[in-house]
Amino acid sequence: MKRLTIDIDSVAQMRNLFNEPEFNPSRFAILGEVGGAHGIAAILGDGKKGLLERDIKLIKETHISYLNLHIPAKDPQIKTALSLSPNMVTFVDFNPSELHNRILPLSANIISGILPDILPDFQANNISVSAFVSPEISVLKQLSKVEIDYVEFDCSRYTLADDSNDELVELDNIRSAILGAAKLGLGVNCYGGISYGHLPALASIPQLEDITMGLSILKRSIEVGVNQAIQEALHQIIAFQKE
């Protein structure tokens, strides 16, 4: 079965925006796992707009599923991630001026010039490594020269498409990229503005392993509760997935 991972960064953003401790990312993570989520995704940036290091530590101590930590390929986040020892680290780029959609796909310079030097430390500590990239064949050619375990494709051009034609084009790009990544022997995850309406198309892609949802899960949870929000997403994935 495909995995459903919940990104808790939106909860931390709400907490910081309204200065409201009731928006508790670690508690949301626990409730999500109890509701059936297979993993937790957390973005470790500068701590000013999202999660703090203490949030990640608490989640690490209490979570019962899979923890995927999104970090930039630079210090001090690299040292922090190594000390926290999550199940997976996904390297991303950051747009510090944005509150939402803060993470960006890795550039060619980071993939080929920086990742090869920092990956061995994570692999030596049994931490799986992934790269957040655009769903493009040219990017896969670069990744084929880097010893990573997973690739996480940015789905935002699909999920934020202006019309149905653009949406179909971007979905086809995602399918092609996922197939290409699978042929390289990489595990495949997806992330980026994914809502409930996108689940049927994504779940039907056989090689896709993990779907990460963030803000859409939070908004639905406010309406129906965390458990119900998770179950609705899982039902969509189960109904449309193909082995």
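The values are calculated or read from the model by the stated rules, or taken from the named source; none is laboratory data. All values derive from a computational prediction rather than experimental measurement. All Cβ positions, even for glycine, are placed from backbone atoms using ideal geometry, and neighbour counts span all protein chains on display.
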Out of 106, 58, 119, 67, sole residue that is over 18 Å from the mean Cα position of the chain (by Cα), free of Cβ contacts under 8 Å to residues at least 40 places away in the same chain and either crowded, with 20+ Cβ neighbours inside 10 Å or within 16 Å of residue 10 (Cα to Cα) (or both): 119
Odd one out for residue 216, checked against (1) in contact (Cβ under 8 Å) with a residue 24 or more places away in the chain; (2) under 23 Å from residue 167 (Cβ atoms); (3) outside any strand (DSSP E or B): (1)
Residue match in the stretch 81-103 (condition: surrounded by fewer than 13 Cβ atoms within 10 Å (Cβ to Cβ), of a type outside the set (S, T, N, Q), out of contact with any Cys (no Cβ under 7 Å at 6 or more places or on another chain) and more than 26 Å from residue 193 (Cβ to Cβ)): no
Qualifying residue in the stretch 220-230 (condition: closer than 20 Å to residue 37 by Cα and modelled with pLDDT under 95): yes
Failed item in (1) surrounded by fewer than 16 Cβ atoms within 10 Å (Cβ to Cβ); (2) modelled with pLDDT of 95 or more; (3) of a type outside the set (Lys, Arg), with residue 198 passing the rest: (1)
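Going residue by residue through the stretch 168-175, is there one that turns out to be under 19 Å from the mean Cα position of the chain (by Cα), crowded, with 16+ Cβ neighbours inside 10 Å and part of a loop (DSSP other than H, G, I, E, B)?
Within the stretch 168-175, not a single residue is under 19 Å from the mean Cα position of the chain (by Cα), crowded, with 16+ Cβ neighbours inside 10 Å and part of a loop (DSSP other than H, G, I, E, B).
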Scan of the stretch 15-37 for residues that are over 29 Å from residue 239 (Cβ atoms), surrounded by 16 or more Cβ atoms within 10 Å (Cβ to Cβ) and either in contact (Cβ under 8 Å) with a residue 60 or more places away in the chain or in contact with a Ser or Thr (Cβ under 6 Å, 6 or more places away or on another chain) (or both), ordered by number: none
Conditions (1) assigned to a loop (DSSP other than H, G, I, E, B); (2) in contact with a strand residue (DSSP E or B) (Cβ under 7 Å, 6 or more places away or on another chain); number of the one not met by residue 21: (2)
